[in-house]
Amino acid sequence: MLKASDNELLTRVGAATPMGELLRRYWVPALPSADLAGPLGAPRRLSVMGQQLVAFRGEDGLVGVLAERCAHRCASLYFGRNEVGGLRCIYHGWKYDRSGQCVEQPTEPSTSGFKDKIKIPAYPVAERAGIIWIYLGPPADQPDFPQLEWLVVPPENVFCSVRLQQTNFVQAIEGGIDSSHVSVLHQDARRWRGEAPTPDWDRLFDDSAPQLDLEPTDYGMAIGACRRSGADRYWRVTQWVMPWYTLVPRDGDRPINAHAWVPLDDTHTWTWSISYHPDRPLTRDEIEAYRSGAGIHAEEIPGSHVPVRNKGNDYLMDRLLQRVGFFSGIEGIPNQDAAVQESMGEIVDRSAEHLGTSDAAIVVFRRRLLRAATALRERGEPPPGLDPLTHRIRSASAVLGADASWVEATAALRRAGDHLYRTS
Amino acid sequence: MLKASDNELLTRVGAATPMGELLRRYWVPALPSADLAGPLGAPRRLSVMGQQLVAFRGEDGLVGVLAERCAHRCASLYFGRNEVGGLRCIYHGWKYDRSGQCVEQPTEPSTSGFKDKIKIPAYPVAERAGIIWIYLGPPADQPDFPQLEWLVVPPENVFCSVRLQQTNFVQAIEGGIDSSHVSVLHQDARRWRGEAPTPDWDRLFDDSAPQLDLEPTDYGMAIGACRRSGADRYWRVTQWVMPWYTLVPRDGDRPINAHAWVPLDDTHTWTWSISYHPDRPLTRDEIEAYRSGAGIHAEEIPGSHVPVRNKGNDYLMDRLLQRVGFFSGIEGIPNQDAAVQESMGEIVDRSAEHLGTSDAAIVVFRRRLLRAATALRERGEPPPGLDPLTHRIRSASAVLGADASWVEATAALRRAGDHLYRTS
Amino acid sequence: MLKASDNELLTRVGAATPMGELLRRYWVPALPSADLAGPLGAPRRLSVMGQQLVAFRGEDGLVGVLAERCAHRCASLYFGRNEVGGLRCIYHGWKYDRSGQCVEQPTEPSTSGFKDKIKIPAYPVAERAGIIWIYLGPPADQPDFPQLEWLVVPPENVFCSVRLQQTNFVQAIEGGIDSSHVSVLHQDARRWRGEAPTPDWDRLFDDSAPQLDLEPTDYGMAIGACRRSGADRYWRVTQWVMPWYTLVPRDGDRPINAHAWVPLDDTHTWTWSISYHPDRPLTRDEIEAYRSGAGIHAEEIPGSHVPVRNKGNDYLMDRLLQRVGFFSGIEGIPNQDAAVQESMGEIVDRSAEHLGTSDAAIVVFRRRLLRAATALRERGEPPPGLDPLTHRIRSASAVLGADASWVEATAALRRAGDHLYRTS
């Protein structure tokens, strides 16, 4: 439960809002590299936290990201020509380099010096793990690039997809750190694709009411969820890394699943889904399965990043299937999540909730995010989680004795592979 | 003509408005029974007066209607599982019985007692005449079920359809009590289907400017419309029953037509159209004709309750047909009504009207509805028309001498069949 | 650059706004004659400056234009019957003549005299150059009909088309008086249709930074744009005639291109495009080319006045074509203009602009339009440009010596053909 004013504070991400200001202090995964054509290819529009941008790849293959509009008469640079040396507006031919500096003004006298005074917003760009990243915050505060394990493993070890979710980013993250729903909403997740159950997966259903034990950390929070499994305890550790990263509890030595939940605007979220193995390349079979909607990945309408199963078609829910035993009646983990989260409304009314003990992680997550936004706004306090060294973590799961401390027992499991960072 | 503030008062139906509060004191026809699957079948969303609800049929075939959202995290129960004993949210498995009581919470410790404290809004339900009815008002004020004749005749004597109208409910009702437009807008109503004229129908066109004589009643109003017919007078009596029922003047001993105009929200109306015969089953031919768009029923886009002839396609108006003599150029009485009423705007600006003597019933109808809403809000005065005994009425028509009193002369005709109420 | 309040003043055209009041003092090109069926044919809705109207052609072929709604209950007269003597509402049969006077009320007693008191807004209409014109201002202020040359040439000398633009009218006009963008945005305009270059057209590219010299006039402004062409100067003279007319600089003795940019509402513009020759009929080849999207005319989706290349499909921009040398990548002058102007937003934020010396005409145009609106509102000052004698002008272009005065040298070229006005 949250009062209305806190819900606003938590969810609004425009540039002038406290949360928007906070989020702009972090590097943002913004666009799949594959979505942007090669050197001097077509520019592309993108929206992040309500800002309209245009991305283009220069003659050297490096990416520029500019505010969308030409400084002259505000025409969109999306229609611009991607030329050697920069992007040229087609209205009057003003041309901008990747720093946003205007370098040509064919309709003005060449001696005027007018162009030297014209600069439009441009943003630092990085390209990692098949994703174009941008930094939208104050230049002086630009942080080091994050070092999450999926950002440093060899490219053949990682698969990324992205899907559009029609909700605010907070309720998307809240799904990502909610351990208990897995035992309910996703209970048929393995069965529907005919995948063999794993011992870990089966333990999820021994106890649907996990007890949570939260470990606040520099980077965010480690969430221990404890389920009874006979005389033992089955611990699943979800990691939340500021501001929008989560790591799904690992299942044995299978690939690790991770997410980044990035606001497109107040009511839409780009959900990045990453599967990676720290120690080996993904297999061809794994990649093909991900592409077709296995695990945390959604089958998408080609070219759209919109899931085939979406709000407009009730996620192709099959009521007969639901009735005869497939719990949710909806195929695919991300589609199940989207169904419930989008059904809550674009920005859920958190004053109408009734949270239980299983929602403890959600409560703390909100509090920390709110506190970070307020501390930055009111006292200029540096945002947490910016130190890349703290990102060298993993999710984990383990079966422990009833009296064991999960924090100690999973400490080694929760460390990312040191060898991966040697060259970084 | 109505001042803007009265127009607001008259037309807004949200739970917090005076009119919304008034309307919630009555039983509401909400959903065709045929639209809701059988025992443990798929739930269905429905909206009444702007409230989002979910309906489901339990293992005993009885219907439950709940507020749409789960109390926990506000996910929609529309996606819920319809199980023995209640509706289960697929997010975390919280389950509700038909009273709205939470009866299971698999993600919470079973000993917490938390579920006992959770109850969501649930509404009394009845199923009559092939319609699911709900009561949305304060439990202490729940009235007896209405006893309109079409609600008590044997099922084989009645046919119901429902169509979506893209206007506020008031301008829909105003069409229902407007006697004079029948002689104009609907003048070709019988001709277009090749139906034989009836003596009554033909009398409508002897005089297009009926004189109105209004008889306020306990249940609402009886509206006498008098047309000259040679030396005689042709009286047509429309009944308005609070808050949204109308009975079309009867034509000889043909089936009686009736309506209920129920707000879906401020700008959409569910128009229920009922044809029934008090004394005999409808014939197969009559039912087939109704289904195909005869009389007051509209041919609908299958599965939608949206008329085939609708605002998006200009009601398939045929200008050539209109020019060569078919007055409106639009086929079907309900489509003709929808065309003019929807063309007035979603909520017509009643400050721009110019009412004539033929609009007397509309003026009184508005005044009574406004007065009832204000009296309830300001003085807690019980709404009129709640006594089911007053509902035992019929519409009527009669040819009388120039000096006869229609009230006396049609008194017997306007009484519903006593035999129909013997068992109720 | 314009402050936000001036941008509002400049762009809002509702009846109660200063700009709306100013524009209503001029005759308005409103509908292609061909769009309105013949005598007693189907009425048609039209919107001008946010006003909802209905047009119909009476039994004599003359056009009536009325406010859309019946005075009685506000039903749309668009669904009305177009009868001898006027337009009849199909709801209750009220009938209006072309003056807006109610002439029949079949549902009211014939003796009441009520109809004589009912009159709805009706507007003066003219039909010229294949266009239906209306006057929406105060009757006492109705001006003489404009005498632009394309309005007085023989019908076989002129071709008109109209297209819907999804912007405010001001940014559309600003495109029309912007000489410098022609050398950039439209540089491939002749090439893409395989048209032979003309000497004038080629001179556009000798110098992409024209120097502007503005000549304020009674009717609006003559805009001289000077480009270096070897030792000479190539002058192109654009004419702006209050409030929304422009004449494209003439190319030799080819047909002259003209526009009228008329607000449909605040965010949509009807762009009228006119090609005419003052001295000869257009050839069949010219007309066929215009129809297929040559010159300033756009190929349209049949029956819609929406260009085939439009905002919804990114104007069918061909990125490969753009990359290999066709500057804009978009086919057709009007489509190129629409792409950049619509990309600026429906109403461009003029506080974000950075205007250069090449924008001098735009600055003066805005100032004059603002001043005219303010002067009318505050001091009742008669709008400029209403005297038809001042409309007898042409656009022009000329190659002159470096020291020549374009105003003097093109004076004769800029006069419309006297012979055309002998009979008017």
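Computed values, structure above
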| item | result |
| --- | --- |
| Matching residues, region A:229-267, being within 19 Å of residue A:407 (Cβ to Cβ), open to solvent by 10 Å² or more (accessible area, probe 1.4 Å) and part of a strand (DSSP E or B) | A:229, A:232, A:233, A:235, A:236 |
| Residue list for region B:395-424, filter: outside any loop (DSSP other than H, G, I, E, B) and of a type in the set (D, E, K, R) | B:408, B:415, B:418 |
| Selection status of residue C:134, within 13 Å of another protein chain (Cβ to nearest Cβ) and at pLDDT 95 or above | no |
| Neighbours by Cβ (under 9 Å, 6+ apart or cross-chain): first from region B:71-87, within 8 Å of chain A (Cβ to nearest Cβ); second of a type in the set (Phe, Trp, Tyr) and surrounded by fewer than 22 Cβ atoms within 10 Å (Cβ to Cβ) | B:81/A:327 |
| Number of the exception - residue B:248 against (1) among the aliphatic types (A, V, I, L, M); (2) closer than 30 Å to residue B:420 by Cα; (3) within 14 Å of chain C (Cβ to nearest Cβ) | (3) |
| Any hit, region A:300-318, residues being modelled with pLDDT of 95 or more, touching a Phe, Trp or Tyr at 6+ places or on another chain (Cβ under 6 Å) and farther than 20 Å from residue A:180 by Cα | yes |
| Sole exception among (1) away from chain A (no Cβ under 14 Å); (2) of a type outside the set (S, T, N, Q); (3) in contact (Cβ under 8 Å) with a residue 60 or more places away in the chain; (4) open to solvent by 20 Å² or more (accessible area, probe 1.4 Å) for residue C:224, by number | (4) |
| Filter pass, residue C:139 being more than 14 Å from every other protein chain (Cβ to nearest Cβ) and exposed (fewer than 15 other Cβ atoms within 10 Å of the Cβ) | yes |
| Enumeration of residues in region C:245-259 that are touching a helix residue (DSSP H, G or I) at 6+ places or on another chain (Cβ under 6 Å) and modelled with pLDDT of 95 or more | C:246, C:258, C:259 |
| Flag if residue C:349 is open to solvent by 40 Å² or more (accessible area, probe 1.4 Å), modelled with pLDDT of 95 or more and farther than 23 Å from residue C:229 by Cα | yes |
| Number of the condition not met by residue C:200 [criteria: (1) among the charged types (D, E, K, R); (2) under 15 Å from the mean Cα position of the chain (by Cα); (3) open to solvent by 10 Å² or more (accessible area, probe 1.4 Å)] | (2) |
| Residue in region A:88-111 that is open to solvent by less than 10 Å² (accessible area, probe 1.4 Å), more than 11 Å from every other protein chain (Cβ to nearest Cβ) and assigned to a loop (DSSP other than H, G, I, E, B) present | yes |
| Matching residues, region B:157-187, being open to solvent by 10 Å² or more (accessible area, probe 1.4 Å) and charged (D, E, K, R) | B:163 |
| Any chance residue C:264 is of a type outside the set (D, E, K, R), over 20 Å from residue C:185 (Cβ atoms) and in contact with a strand residue (DSSP E or B) (Cβ under 7 Å, 6 or more places away or on another chain) | yes |
| Members of region B:219-228 found to be in a strand (DSSP E or B) and more than 17 Å from residue B:19 (Cβ to Cβ), listed by number | B:221, B:222, B:223, B:224, B:225, B:226, B:227, B:228 |
| Qualifying residue in region C:142-163 (condition: among the small types (Gly, Ala, Ser) and within 14 Å of chain B (Cβ to nearest Cβ)) | no |
| Condition met for residue B:209 (surrounded by fewer than 19 Cβ atoms within 10 Å (Cβ to Cβ) and not in a strand (DSSP E or B)) | no |
| Residue tally, condition out of contact with any Ser or Thr (no Cβ under 7 Å at 6 or more places or on another chain) and either at pLDDT below 95 or farther than 22 Å from residue C:35 by Cβ (or both), over region C:156-180 | 4 |
| Residue match in region A:389-400 (condition: polar (S, T, N, Q) and surrounded by fewer than 19 Cβ atoms within 10 Å (Cβ to Cβ)) | yes |
| Per-region count, region A:285-331, residues away from chain B (no Cβ under 14 Å), closer than 27 Å to residue B:42 by Cα and of a type in the set (Asp, Glu) | 2 |
| Region C:343-367 - residue that is over 20 Å from residue C:5 (Cβ atoms) and out of contact with any His (no Cβ under 9 Å at 6 or more places or on another chain) and, of those, nearest to the other protein chains (Cβ to nearest Cβ) | C:343 |
| Scan of region A:352-367 for residues that are touching a residue at least 12 places away in the same chain (Cβ under 8 Å), open to solvent by 10 Å² or more (accessible area, probe 1.4 Å) and assigned to a loop (DSSP other than H, G, I, E, B), ordered by number | A:354, A:355 |
| Subset of region C:296-341 (residues that are of a type in the set (A, V, I, L, M, F, W, C), open to solvent by less than 40 Å² (accessible area, probe 1.4 Å) and assigned to a helix (DSSP H, G or I)) | C:333, C:338, C:339, C:340 |
| Condition met for residue A:372 (under 24 Å from residue A:1 (Cα atoms), part of a helix (DSSP H, G or I), within 19 Å of the chain's Cα centre (by Cα) and modelled with pLDDT of 95 or more) | yes |
| The listed residue being farther than 23 Å from residue B:133 by Cβ, charged (D, E, K, R) and in contact with a Ser or Thr (Cβ under 8 Å, 6 or more places away or on another chain), out of B:83, B:68, B:108, B:104 | B:108 |
| Every residue from region B:61-70 that is of a type outside the set (Gly, Ala, Ser) and either facing another protein chain (nearest Cβ under 7 Å) or open to solvent by 10 Å² or more (accessible area, probe 1.4 Å) (or both) | B:62, B:63, B:68, B:69 |
| Residue list for region B:59-80, restricted to those being in a loop (DSSP other than H, G, I, E, B) and farther than 27 Å from residue B:16 by Cβ | B:59, B:60, B:61, B:62, B:80 |
| Unmet criterion (only one of (1) in contact (Cβ under 8 Å) with a residue 24 or more places away in the chain; (2) within 13 Å of chain A (Cβ to nearest Cβ); (3) more than 24 Å from residue A:204 (Cα to Cα)) for residue B:55 | (2) |
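One line per residue, one yes/no per condition, for (1) among the aromatic types (Phe, Trp, Tyr); (2) within 11 Å of chain B (Cβ to nearest Cβ); (3) in contact (Cβ under 8 Å) with a residue 60 or more places away in the chain; (4) closer than 22 Å to residue A:256 by Cβ:
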residue	(1), (2), (3), (4)
A:337	no, yes, yes, yes
A:373	no, no, yes, no
A:384	no, no, yes, no
A:391	no, no, yes, yes
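The values are calculated or read from the model by the stated rules, or taken from the named source; none is laboratory data. In this text the structure is predicted, and so the values were computed from the model without any measurement. Positions of Cβ are generated from backbone atoms using ideal geometry, with glycine treated the same way; all protein chains shown enter the neighbour counts. Areas reflect the complete protein model, heavy atoms only, side chains present, ligands, DNA and RNA absent. Shrake-Rupley method; radii C 1.70, N 1.55, O 1.52, S 1.80 Å.
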